[in-house]
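Visitor: Could you have a look at this structure, given as C-alpha cells, before my questions?
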Amino acid sequence: MTAVSQRVGVPLETRLAVEDFLVDEALLLDDRRFDEWFELFTDDLVYQAPVRVTAKRGHEEIVDTIFHFDESKQSLGLRVRRLGTDVAWAEDPPSVTRHYVSNVRVTQADAPGELVVRAYVLLYRSRGDRGLHDMISYVRWDVLRPSGSSFQIARRRAVLDQAVLGTKNLAIFL
C-alpha cells in the first residue's frame, strides 16, 4: 500500500465543504474584501510563513525561527485595517491577485472537531501598467474549526516554494 491509500480521510461532504470554504476564501482575497476575509479567523490564530533555504540533502529546508510573517489575529487585523488607509504604499495602487487552490487533502486533527487541511496554492499577482507579474507557489497547512455551517481558520502555515522571492514585497495575503 502507498502512503496515499493509508491516509485516513474525512467524509466526502466534509471534504467538499472544506474545498468550497477555501475557494470562497480565495474569492474574498482576490476581490479585496479583506474585512470579510479577516472574520474567517479564530481569536487564537497563528498565521505563519517560515523561510525556506537552499540546503544540502539531509538538512532542513524550512527555518522555523525566521518568518516572512508571523501573525496573531491582532497583528493580522492591523495589516487589514492599514490597507484601508492612505499609508499602505506597497499596495497603492492595489495588486490584482488570483489565488488558485488545488491538491486539497483533509484529515481529522488531534483536537476534537478540528480538521487539518493541506493544499497547494498558486498566487498570480499583477501591479501597475508595465505588464509585469509575480507567480508565487506554496503549500499551505490550515487547521480549521467548525463554525456554524462553515469553518474558521485557527492555524495557517504557508511554506513558499522559493528560497529567494522574486516579488518586491509580501504586502498581500497568502
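Visitor: If you go through the stretch 143-160 one residue at a time, do you hit one that is assigned to a loop (DSSP other than H, G, I, E, B) and either out of contact with any strand residue (DSSP E or B) (no Cβ under 7 Å at 6 or more places or on another chain) or β-branched (Val, Ile, Thr) (or both)?
Guide: yes
Visitor: Which residue out of Val164, Val139 is in contact with an Asp or Glu (Cβ under 8 Å, 6 or more places away or on another chain) and either within 21 Å of Val63 (Cα to Cα) or outside any strand (DSSP E or B) (or both)?
Guide: Being in contact with an Asp or Glu (Cβ under 8 Å, 6 or more places away or on another chain) and either within 21 Å of Val63 (Cα to Cα) or outside any strand (DSSP E or B) (or both) holds for just one of Val164, Val139, which is Val139.
Visitor: Can I ask one more? Taking interchain pairs and intrachain pairs at least six residues apart, which have beta carbon atoms under 6 angstrom, with the first residue in the stretch 111-133 and without any contact (Cβ under 8 Å) to a residue 12 or more places away in the chain and the second surrounded by 10 or more Cβ atoms within 10 Å (Cβ to Cβ) and in a strand (DSSP E or B)?
Guide: Matching pairs, first to second residue: His133/Ser126.
Visitor: Can you name the residue in the stretch 139-164 that is free of Cβ contacts under 8 Å to residues at least 40 places away in the same chain and over 21 Å from Asp35 (Cα atoms) and, of all such residues, is most open to solvent (accessible area, probe 1.4 Å)?
Guide: Ranking the candidates gives Val164 first.
Visitor: Hey, among the residues in the stretch 122-136 that are in a strand (DSSP E or B) and more than 18 Å from Val23 (Cα to Cα), which one's modelled with the lowest pLDDT?
Guide: His133
The values are calculated or read from the model by the stated rules, or taken from the named source; none is laboratory data. Values in this document were obtained by computation on a predicted structure and should not be read as measured data. Backbone-built Cβ (ideal geometry, glycine too); neighbour counts: all protein chains shown. Note: accessible area is taken over every heavy atom of the protein model, side chains too, but ligands, DNA and RNA are not part of it. Shrake-Rupley method; radii C 1.70, N 1.55, O 1.52, S 1.80 Å.
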